[in-house]
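The values are calculated or read from the model by the stated rules, or taken from the named source; none is laboratory data. A quick note: this is a predicted structure, and the numbers were derived from the prediction, not measured. Quick reminder, even Gly has a Cβ in these numbers, built from the backbone with ideal geometry, and neighbours come from all protein chains shown.
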Amino acid sequence: MADRSMISIHGISKYYGPYPAVSSLSLEIGGGEFFSLLGPSGCGKTTLLRMIAGFVEPTDGSIRIDGQDVTGTPPNRRPTNMVFQNYAIFPHLNVEENVGYGLKRLRLDKTEEKRRIGEALEQVRLSTLGSRKAHELSGGQRQRVALARALVMRPKVLLLDEPLSALDKKLREQMQVELRSLQQAVGITFILVTHDQYEALAMSDRIAVMFAGKLAQVATPKEIYQRPVNRQVADFLGGMNFLSATVTGDTNGKVAARTDIFGDVVLEKPPGFTVVEGKVTLGMRPERLRLLWEGETAAKEIRGTVSNRHYFGETTHLSIAVDGLSAPLSIIETNNYGADDLPIGAGVRLAYDPDALVLLAE
Amino acid sequence: MSGRLRLLPVFVAAYLLFLYAPILLIPIFSFNNAASTTFPLAGFTWKWYVTLAGNTVMLDAARNSLIVGVSVSILATLFGICAARAITRYDFRGKRLTSGLIMAPLFLPEIIVAISLLMIVLAMGAELSLLTVILGQTVFCIPYSMAVLVSGFEGFDRSLEEASQDLGETAFGTFRRVTLPVVAPAILSSLLVAFTISLDEFILAFFLTGTQQTLPVYIWGQLRFAAKLPSVLALGSLMLLASVFLLTLAEIFRRRAENRKILQEVPHG
Ligand SMILES: Nc1ncnc2c1ncn2[C@@H]1O[C@H](COP(=O)(O)OP(=O)(O)OP(=O)(O)O)[C@@H](O)[C@H]1O
Ligand SMILES: [Mg+2]
């Protein structure tokens, strides 16, 4: 994935008054990587991105881009370009002039300049709109202009601050696919800020999950989703059933634990995990539990009753009360077999896979 | 219902007639070949405009008006830019109160403002001159300039300057290639509005001037002589034309500024 380190952030902090927006954070991002910064509102994603761009001066720490220390270098002399959240299209210029804005300073000859503008517009499929004034464009088109305007500079790193959040759902999903294939076509490092976990999961090579100015976990989408390191990360990335368990064995890399409903299980320890007072929290994603219909059997099953049901069109979310559990289990069923018609109070059997259980730090 | 619908155009027509007919009489009589302003008209003539061209006192007044107008529009716009930038860019305590106080002269009786300024000028022992007129009218025009500029600057998003810098432009280049062009329509509009107000302004100019008079003050002086009335009408027609022209221009720039502002709100889809 990452051929070599493109961005290397070392012990960076940003204080606004006494409060850190980002606090001693270190991170390596590879060349050609699609990297997402994911976290709730106010966790410092934008601050971190703007420190990479040069708009925010770090209080502490250093940033290297492609081997060069850029700490203290102003934005106009960094090999990065940014797509702003509101796109910041220059209102007095048309599409071509917007895209050519940065090229003007490079003093290319006219034909070369025209060629690069044309190429960039083609990349974002806007070739026919070159002479439109900025206020004659839709939100999606403005987004493409902002992209072309940054890409035409051939930056080493493209920074995107919630570029899709102003678009409606349908267009957003279409742009996610386009943005990802564009990144693969141009092959430069993209750093995307988002608070939408599905966007991060769908687009990224790797995701950094941030809380309160600190990194909680940096990993591939699959790993982040399936093996979250703690309760907070697990919760932020979608539904999760939390169970408490009693530790029966604690070796180097593994923990053996006894659960009320899944019996005895052995779990891998995430890095830095320590058992506190013989108790641990386990998690299981709702879709890893499956309803068993008449005549179906599974190697591992448990019984419960339907206590709640929510219909979502393609899926139904069910709450299943199980004896010995204080909170019901959540499960997600596709609406193939009639999960959407199960009455509240119906007795059901669930199949589970003990390997889907993860050990979560608090 | 239908009765009301038919009444409305009549009402509008009457209203417009009441508003504009007296003003329209001025250019009509300025081309009338007679010294009196009565109907029936006595034939077409340019002669009142020709006498105007040879009237050195009037030309002096016109020059004074031009000096005052240009100075006032520049000063009011400069102060307006500072105030508008502070109001649109920064949050500070008492912001509402401050902008309210700056706008207040709009609603104060002009004659009160004029008398108070006169008292201050006299108390300071300063000499009445075009300079005192300029200062007085500047105070009076700042709220108008500021209103135009605030509406223009509100559309200016800081991220435009950041985007420019991000694309490799220096701070000065950013000012020249982004900041200035984006706010230019609002600035032009403010200059034109302030100039037009100054051109027509009588009370302050009357109270605060010394021996040099501006056009409105000159006109007022001429009204004592019945024979001079037709040239005054010719002069009035020209000033009317200039005002309408300048305000139209100001409106065109204001709309352009408005267009740029709309862009800041990203539409969905
Ligand atoms: N210029 C500033 N002055 C003071 N505090 C700031 C400033 N910029 C950001 N902060 C604070 O720093 C913290 C992190 O802000 P940041 O904008 O980086 O969050 P974010 O993760 O991008 O959030 P969002 O998803 O809402 O955009 C917030 O608590 C914010 O209030
Ligand atoms: Mg943000």
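Among the residues making up segment B:98-110, those that are outside any loop (DSSP other than H, G, I, E, B), out of contact with any Phe, Trp or Tyr (no Cβ under 8 Å at 6 or more places or on another chain) and not hydroxyl-bearing (Ser, Thr, Tyr) are B:GLY100, B:LEU101, B:ILE102, B:MET103, B:ALA104. Of all the listed residues (A:GLU33, A:GLU28), the sole one being closer than 28 Å to A:GLY238 by Cα, more than 13 Å from ligand 1 (Cβ to nearest atom) and buried (at least 22 other Cβ atoms within 10 Å of the Cβ) is A:GLU33. Report yes if some residue within segment A:128-139 is more than 8 Å from chain B (Cβ to nearest Cβ), outside any loop (DSSP other than H, G, I, E, B) and among the basic types (Lys, Arg); otherwise report no. Looking through segment A:128-139, at least one residue is more than 8 Å from chain B (Cβ to nearest Cβ), outside any loop (DSSP other than H, G, I, E, B) and among the basic types (Lys, Arg). Residues that are under 25 Å from the mean Cα position of the chain (by Cα), part of a strand (DSSP E or B) and of a type outside the set (A, V, I, L, M) were ranked within segment A:59-96; the one that is nearest to the other protein chains (Cβ to nearest Cβ) is A:ASN81. Of A:VAL186, A:VAL209, A:VAL157, all but one fail to be more than 13 Å from the chain's Cα centre (by Cα) and closer than 20 Å to A:ILE63 by Cα; the exception is A:VAL157. If only residues of segment A:144-192 that are closer than 19 Å to A:LEU37 by Cα and among the basic types (Lys, Arg) are counted, the one that is farthest from ligand 1 (Cβ to nearest atom) is A:LYS156. A:ARG125 passes every criterion in (1) at positive phi; (2) within 14 Å of chain B (Cβ to nearest Cβ) apart from (2). Determine if segment A:145-155 includes at least one residue that is within 13 Å of chain B (Cβ to nearest Cβ), crowded, with 21+ Cβ neighbours inside 10 Å and modelled with pLDDT under 90. Within segment A:145-155 (the criterion being within 13 Å of chain B (Cβ to nearest Cβ), crowded, with 21+ Cβ neighbours inside 10 Å and modelled with pLDDT under 90), the answer is no, since none of the residues qualifies.
Which of the residues belonging to segment B:42-70 are farther than 30 Å from B:LEU131 by Cα and of a type in the set (Val, Ile, Thr)? Hits for segment B:42-70 are B:THR45, B:VAL50. Within segment A:97-122, restricting attention to residues that are more than 12 Å from chain B (Cβ to nearest Cβ) and assigned to a loop (DSSP other than H, G, I, E, B), the residue that is surrounded by the most Cβ atoms within 10 Å (Cβ to Cβ) is A:LEU108.
Counting the residues of segment A:291-326 that are in contact with a Phe, Trp or Tyr (Cβ under 8 Å, 6 or more places away or on another chain), over 30 Å from A:ASP250 (Cα atoms) and either in the same structural domain as A:THR259 (by TED's automatic domain parsing) or not in a strand (DSSP E or B) (or both) gives 1. Counting the residues of segment A:29-53 that are more than 12 Å from ligand 2 (Cβ to nearest atom) and farther than 10 Å from A:LEU192 by Cβ gives 8. The requirement of being in the same structural domain as A:ILE89 (by TED's automatic domain parsing) and in contact with a Pro (Cβ under 7 Å, 6 or more places away or on another chain) is not satisfied by A:GLY130. Away from ligand 1 (no atom under 16 Å from the Cβ) and assigned by TED's automatic domain parsing to the domain that holds A:LYS133: which single residue out of A:VAL95, A:VAL83 fits that description? Just one listed residue meets the conditions, A:VAL95. Screening A:SER41 on (1) crowded, with 18+ Cβ neighbours inside 10 Å; (2) within 15 Å of ligand 1 (Cβ to nearest atom) shows it passes everything except condition (1). Scan segment A:67-86 for residues that are surrounded by 14 or more Cβ atoms within 10 Å (Cβ to Cβ) and at pLDDT below 90 and the total you get is 2. Answer yes or no: is there a residue in segment B:75-85 that is within 23 Å of B:LEU215 (Cα to Cα), touching a Phe, Trp or Tyr at 6+ places or on another chain (Cβ under 7 Å) and of a type in the set (Gly, Ala, Ser). No, every residue in segment B:75-85 fails to be within 23 Å of B:LEU215 (Cα to Cα), touching a Phe, Trp or Tyr at 6+ places or on another chain (Cβ under 7 Å) and of a type in the set (Gly, Ala, Ser). With the condition kept exactly as written, say whether any residue in segment A:46-58 is more than 14 Å from every other protein chain (Cβ to nearest Cβ) and more than 12 Å from ligand 1 (Cβ to nearest atom). Looking through segment A:46-58, at least one residue is more than 14 Å from every other protein chain (Cβ to nearest Cβ) and more than 12 Å from ligand 1 (Cβ to nearest atom).
Within segment A:182-239, the set of residues being closer than 15 Å to A:ALA361 by Cβ and either of a type in the set (Phe, Trp, Tyr) or touching a His at 6+ places or on another chain (Cβ under 9 Å) (or both) comprises A:PHE211, A:PHE236. Residues in segment B:1-38 that are surrounded by fewer than 10 Cβ atoms within 10 Å (Cβ to Cβ), of a type in the set (A, V, I, L, M, F, W, C) and in a loop (DSSP other than H, G, I, E, B): B:MET1 only.
Restricting the search to helices (runs of 4 or more DSSP H) fully inside segment B:162-230 and requiring at least 1 residues that are away from chain A (no Cβ under 14 Å) and surrounded by 20 or more Cβ atoms within 10 Å (Cβ to Cβ) gives B:180-200, B:203-208, B:215-222.
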